[in-house]
Amino acid sequence: MVDREGKGEWSIVYNRETMKPYLSVIIPYYNAPEKLERLLASIEKSKKAPPYEIIIVDDGSIEKFKTKLKIIRLPHNKGPAIARNRGVEAARGEFIVFLDGDVEVFPDTLFHIAKVFKDDPDVVALTGVWVKEQKSTAFFPNFKALRDWSYWINERDKSGYYFLFSTRIAAIKKAVFVRLGGFDETYPAPLVEDIELTYRIARRYSIIFAPQVRVHHEFESFWPIAKKYFLRAYYWTKLYTTRKKFDPVATTLQEALTTMSGVGIVFGFIGYLGNVRYLGYLLVIVFVLHLLFVRKFLVFVYHEKGLVFAVKSFFIGLILYCFIFAGAVSGRIIHTRR
């Protein structure tokens with residue numbers, strides 16, 4: 001690996017079979033060959049990348065993926081936490097790059113990851129961002145992409161010491177990951193294992209947000225996303241009962257208030273329709289409060305997609321807040337009983 005005159009331009013002069021890689025790219029895979037093929041094709045288009053290796057962890061897929069790349073095959077589906085940990089065990093790189101199997105990297109993604117670590121040796125972990133553009137023209141995937149983009153770019157706490165170690169695109173020094181014990185393998189599905197690891201990393205290190213480290217992700221339709229919101233809120237409450245504080249990783253206090261005000265609008269409107277007239281005054285107050293909380297996002301989507309899209313975004317957001325609230329309440333009830 002050569003850095004030309006300290007300009008951050010990596011000269012790729014190496015044999016990937018013999019030279020030790022700088023980055024080990026870990027990709028969990030489960031029954032989605034088309035998506036994995038697109039991801040691998042995007043990695044092959046990388047420019048100015050340092051030496052890297054790709055390790056695919058087949059998490060018990062029925063349909064076996066054929067490739068000349070290194071594949072670790074698990075006998076049964078055990079979830080991404082175990083799959084990623086097994087991938088790290090086989091990794092030879094100094095830094096680990098985690099990618100979900102349904103993203104695509106940009107030609108400069110691996111270059112920028114390496115550049116962050118090279119420019120500042122004190123950095124041990126970073127997280128990137130998935131861009132707001134979608135190939136789909138459907139409303140909800142575009143809403144979700146803009147919602148996440150606004151959260152990371154427009155609404156994030158720029159003074160924050162650490163950010164969510166989001167495994168759609170994140171990297172960490174291998175020695176640190178191993179010393180921390182990796183992902184919690186008690187989570188059988190992609191739930192809050194990234195949040196839990198973030199908390200353990202942040203006890204000693206910062207996790208920086210690197211907006212130049214980008215991937216493309218095509219978002220799903222409403223119901224799969226709503227289910228994930230419910231489950232993540234449900235399992236996050238277990239972490240909350242231990243920490244007993246809000247944070248910028250999962251939910252800030254303002255985000256919690258935004259959720260409750262959104263739910264308040266929905267139930268207040270239902271009550272008002274049921275002739276509980278005094279709720280009308282309360283509904284107006286909660287409505288104004290909620291608008292204040294989501295104003296940055298609504299202004300953002302208005303400029304991106306127009307007024308109709310912004311109005312639809314407001315109401316679909318209310319429904320999603322109900323799923324989050326239901327998950328959090330369910331988790332609070334169940335976890336406090338145990």
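The values are calculated or read from the model by the stated rules, or taken from the named source; none is laboratory data. What you are looking at is a predicted structure, and each value in this text was computed from that prediction instead of being measured. All Cβ positions, glycine included, derive from the backbone under ideal geometry; neighbour counts span all protein chains shown.
Pro248 passes every criterion in (1) in contact with a Lys or Arg (Cβ under 8 Å, 6 or more places away or on another chain); (2) at pLDDT below 85; (3) in a helix (DSSP H, G or I) apart from (3). Each residue in region 269-295 was checked for being farther than 16 Å from Phe314 by Cα and not hydroxyl-bearing (Ser, Thr, Tyr), and 11 pass. The set of residues in region 187-234 being part of a loop (DSSP other than H, G, I, E, B) and not basic (Lys, Arg) consists of Tyr187, Pro188, Ala189, Pro190, Leu191, Val192, Tyr205, Ser206, Glu218, Phe219, Glu220, Ser221. In the condition set (1) more than 17 Å from Thr259 (Cβ to Cβ); (2) at pLDDT 95 or above, Tyr281 is compliant with all but (2). Selection of first residues in region 117-144 that are free of Cβ contacts under 8 Å to residues at least 12 places away in the same chain and of second residues that are among the polar types (S, T, N, Q), restricted to Cβ pairs under 9 Å at least 6 apart or on distinct chains, gives the following pairs, ordered by first then second residue: Asp122/Ser206.
Residue-wise test of (1) at pLDDT 90 or above; (2) outside any helix (DSSP H, G or I); (3) surrounded by 14 or more Cβ atoms within 10 Å (Cβ to Cβ); (4) not hydroxyl-bearing (Ser, Thr, Tyr).
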position: Tyr14; (1), (2), (3), (4): no, yes, yes, no
position: Glu17; (1), (2), (3), (4): no, yes, no, yes
position: Leu36; (1), (2), (3), (4): yes, no, yes, yes
position: Leu40; (1), (2), (3), (4): yes, no, yes, yes
position: Ile54; (1), (2), (3), (4): yes, yes, yes, yes
position: Asp58; (1), (2), (3), (4): yes, yes, yes, yes
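Among residues of region 304-338 being of a type in the set (Ser, Thr, Tyr) and either surrounded by 18 or more Cβ atoms within 10 Å (Cβ to Cβ) or closer than 19 Å to Ala226 by Cα (or both), the one that is farthest from the chain's Cα centre (by Cα) is Ser330. For region 299-335, a tally of residues being of a type outside the set (Lys, Arg) and touching a Ser or Thr at 6+ places or on another chain (Cβ under 7 Å) returns 8. Identify the residue in region 258-279 that is of a type outside the set (Val, Ile, Thr) and surrounded by fewer than 16 Cβ atoms within 10 Å (Cβ to Cβ) and, among all such residues, is nearest to Glu193 (Cα to Cα). For region 258-279, the residue satisfying everything is Phe267.
So, Lys312, is that one under 23 Å from Thr198 (Cα atoms), assigned to a helix (DSSP H, G or I) and among the charged types (D, E, K, R) or not? So Lys312 does not fit the description; no. One residue alone among Leu292, Leu282 is closer than 29 Å to Lys144 by Cβ and surrounded by 10 or more Cβ atoms within 10 Å (Cβ to Cβ), and that residue is Leu292. Determine if region 206-225 includes at least one residue that is surrounded by fewer than 17 Cβ atoms within 10 Å (Cβ to Cβ), more than 24 Å from Glu104 (Cα to Cα) and either in the same structural domain as Arg84 (by TED's automatic domain parsing) or touching a residue at least 24 places away in the same chain (Cβ under 8 Å) (or both). Looking through region 206-225, at least one residue is surrounded by fewer than 17 Cβ atoms within 10 Å (Cβ to Cβ), more than 24 Å from Glu104 (Cα to Cα) and either in the same structural domain as Arg84 (by TED's automatic domain parsing) or touching a residue at least 24 places away in the same chain (Cβ under 8 Å) (or both).
If the condition is being aliphatic (A, V, I, L, M) and in contact (Cβ under 8 Å) with a residue 60 or more places away in the chain, then region 51-89 contributes Ala81, Ile82, Val88. Scanning region 176-186 for residues that are in a helix (DSSP H, G or I), touching a residue at least 24 places away in the same chain (Cβ under 8 Å) and surrounded by fewer than 19 Cβ atoms within 10 Å (Cβ to Cβ) yields Val176, Val178. For region 279-302, residues that are free of Cβ contacts under 8 Å to residues at least 24 places away in the same chain and within 14 Å of Asn142 (Cβ to Cβ) total 1.
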